[in-house]
Amino acid sequence: MSELSPQDLLQQLNWRYATKKFNASQTIPEDIWNTIASSLVLTPSSFGLQPWHFIVVRDPKIKEELLPHSWGQKQVSDCSHFVVLTAKTSMTEAEIDAFLARTVEIRGGEIDQLNPYREMMVGFTKNMDETAQIQWAKLQTYIALGQLMSNAAVLGIDACPMEGIVPAEYDRILGLREKGLTTSVACALGYRCPDDKYATAPKVRFDESEVLTTL
């Protein structure tokens with residue numbers, strides 16, 4: 001397996017920035033997008049339960065409908081792929097059982113062998129009310145957001161994470177409520193405009209000694 005060198009990784013992470021202006025005429029090639037989509041599916045999650053669903057918006061009409069509920073940020077309409085990361089509004093025993101069935105399908109074995117794991121997950125979810133469950137699921141989506149942005153950077157794709165949105169309006173436009181989902185955060189992906197002044201602005205980060213401690 002070929003590995004990205006440490007130098008190459010840092011180069012790509014320094015290259016990436018929260019893109020303010022996307023080239024609306026440039027689209028992410030299908031093979032690259034498929035790789036990014038697969039990387040989202042591979043995102044780790046608590047217990048492996050994957051309490052999320054990712055909505056990829058490519059339809060210009062839907063993008064335009066979302067734009068007024070995104071503080072008018074043109075990244076929404078100008079990007080190639082606009083990903084809305086949504087969280088499940090509940091985690092039921094049926095969903096836990098579906099995950100366990102999928103585990104047996106992929107890894108083999110008998111589902112009864114997973115009963116202790118099932119009891120642990122059921123106990124965890126039942127100890128949270130609806131508000132806490134949604135908050136837990138939304139926090140999980142940020143793991144996916146980080147993976148999405150990092151993998152996009154490695155592949156030379158620009159991205160802009162976006163919390164400046166109105167989740168309730170996104171839920172309405174995308175028909176999420178009836179699907180048991182709610183908007184958490186979004187991310188625009190595509191290619192930067194050459195005249196985006198932020199592309200060449202030096203990154204502003206605290207020194208490593210101020211944000212990282214080794215014990």
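Structure notes:
- Pair list, Cβ under 8 Å, 6 or more apart: region 49-73 residue closer than 28 Å to ILE96 by Cα, other residue in a helix (DSSP H, G or I) and of a type in the set (Asp, Glu): LEU49/GLU95
- Condition check for TYR191: among the aromatic types (Phe, Trp, Tyr) and under 19 Å from PRO29 (Cβ atoms): yes
- Options SER70, SER90, SER77; residue that is touching a strand residue (DSSP E or B) at 6+ places or on another chain (Cβ under 8 Å) and of a type in the set (Ser, Thr, Tyr): SER70
- Restricting LEU114, LEU145 to those that are touching a residue at least 40 places away in the same chain (Cβ under 8 Å), surrounded by 15 or more Cβ atoms within 10 Å (Cβ to Cβ), of a type outside the set (Gly, Ala, Ser) and part of a helix (DSSP H, G or I) reduces the list to LEU145.
- When residues in region 16-72 are screened for being aliphatic (A, V, I, L, M), under 15 Å from the mean Cα position of the chain (by Cα) and in a helix (DSSP H, G or I), 4 of them pass.
- Any hit, region 87-109, residues being in contact with a His (Cβ under 9 Å, 6 or more places away or on another chain) and within 30 Å of PRO161 (Cβ to Cβ): yes
- Filter result for LEU13 (of a type outside the set (D, E, K, R) and under 16 Å from the mean Cα position of the chain (by Cα)): no
- Out of LEU100, LEU4, LEU66, sole residue that is modelled with pLDDT under 95 and of a type outside the set (Phe, Trp, Tyr): LEU4
- Some residue of region 54-63 being in contact with an Asp or Glu (Cβ under 7 Å, 6 or more places away or on another chain) and of a type in the set (Lys, Arg): no
- Screening TRP33 with (1) more than 25 Å from ALA199 (Cα to Cα); (2) free of Cβ contacts under 8 Å to residues at least 60 places away in the same chain; (3) surrounded by 15 or more Cβ atoms within 10 Å (Cβ to Cβ) gives one miss only, at (1).
- When residues of region 180-215 are limited to those that are in contact with a strand residue (DSSP E or B) (Cβ under 7 Å, 6 or more places away or on another chain) and outside any strand (DSSP E or B), the one nearest to ASN14 (Cα to Cα): ALA199
- Among all positions in region 75-88, there is no residue which is out of contact with any Gly (no Cβ under 8 Å at 6 or more places or on another chain) and surrounded by fewer than 16 Cβ atoms within 10 Å (Cβ to Cβ).
The values are calculated or read from the model by the stated rules, or taken from the named source; none is laboratory data. Quantities reported herein were computed from a predicted structural model and do not represent experimental measurements. Virtual Cβ from ideal backbone geometry, glycine too; neighbours counted across all protein chains shown.
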